[in-house]
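Have a look at the structure below, then the notes.
The values are calculated or read from the model by the stated rules, or taken from the named source; none is laboratory data. All figures in this text were calculated on a predicted structure; none of them were measured in a lab. When we count neighbours, we look across all protein chains shown, and the Cβ atoms used for this are built from the backbone with ideal geometry, even at glycine. Side chains included, ligands, DNA and RNA excluded: accessible areas come from the protein's heavy atoms. Shrake-Rupley method; radii C 1.70, N 1.55, O 1.52, S 1.80 Å.
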Amino acid sequence: MESGDVAARLAQLNDRVAAACAAAGRASDEVRVLLASKTMDADAVRVALVADAAARAAGSRTAPVLLGENRVQELVSKAPVLADLAPEWHVIGPLQSNKVTAALRWASAVQSVADDALAQRLSGRVQGRDAPLDVWVQVNVSGEPTKHGAHPDDAVDLAARVAALPGLRLAGFMTVGARSDDERVVRAGYARLRAIRDAVVGGGAPGTRDAHGLSMGMSGDLEAAVAEGATVVRIGTAVFGARPAPAAPSA
Ligand SMILES: *Cc1c(COP(=O)(O)O)cnc(C)c1O
């Protein structure tokens, strides 16, 4: 792919996000873009980061893009190469306990916390740091068995337990939406995540005050997610183009 393609696609994506925000009656700076860079090499990611910085230098009001990796192996191979640009990395795939230390070397947030065991391990590893680690509770709103995430009925209680752990800051909730052509089905799942967020923040349990984030929506359905309150949309193909086959399954 030509590097100009990535820059043009990023500009188109920003227009799409702005249009989705306008349609939903939201300000466009309420939604942050996270680039999901799985299977893309560091050069492609660099092109996107440079294009993003150039757009902001030219007066775009967007916040810097975040980067997300599903696999720790890809994170640890790309992050050092891109360290001069100081991007903010989030883990967005299932995190095995034996990979926590490697992931935390580069990631400032883990969006895929779906059980107590991972949360406790993260808490144990980050104690003594200056700043807390941002964690997001991943919820499987669609119920599709291939998808990672806590059951929606368990998510509120799980979030309260996670939020109470030392060294962690509960930043919000993440989901991978239903794989459906019916926009009502997709939106209902995103509305469910928002309701879980509202229940947790409204419940006022210790450590839940900052848990406003909603990481939901991808290249194919960001409009539905923005309409339901997404604060982060995770975008791969719309910026990087199609992933080489075999594509990693969505987490
Ligand atoms: C790949 C991936 C994305 C981006 O998907 P696209 O459809 O390429 O935009 C978002 N979130 C997660 C968890 C992913 O694995």
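Taking all C-alpha pairs of region 101-198, those more than 18 Å from each other amount to 45 percent.
Overall, the ratio between the Cα radius of gyration of region 25-145 and 2.2 N^0.38 Å, rounded to two decimals, is 1.14.
Computed over the chain with a Gaussian network model linking Cα atoms closer than 10 Å, the most mobile of 98, 140, 70 is 98. For residue 38, the aspartates and glutamates whose Cα falls under 13 Å of its own Cα, not counting residues fewer than eight places away in the same chain, are 69, 74. Applying both filters, DSSP loop and at most 11 other Cβ atoms within 10 Å, to the trypsin sites (Lys or Arg not before Pro) of region 106-152 gives 129. Across the alpha-carbon atoms of region 157-214, the computed radius of gyration and Dmax are 12.9, 41 angstrom. Rolling a 1.4 Å probe over the protein chains gives residue 237 an accessible area of about 50 Å².
Over the C-alpha atoms of the chain, the Rg to Rh ratio, Rh being the Kirkwood estimate, stands at 0.94. A 1.4 Å probe over all protein chains sorts 148, 212 by accessible area into 212, 148, starting with the largest. Largest accessible area first, the residues 77, 37 order themselves as 77, 37 under a 1.4 Å probe with ligands, DNA and RNA left out. With the gyration tensor restricted to C-alpha atoms of region 187-234, the semi-axes of the equivalent ellipsoid amount to 22, 11, 6 Å, longest first.
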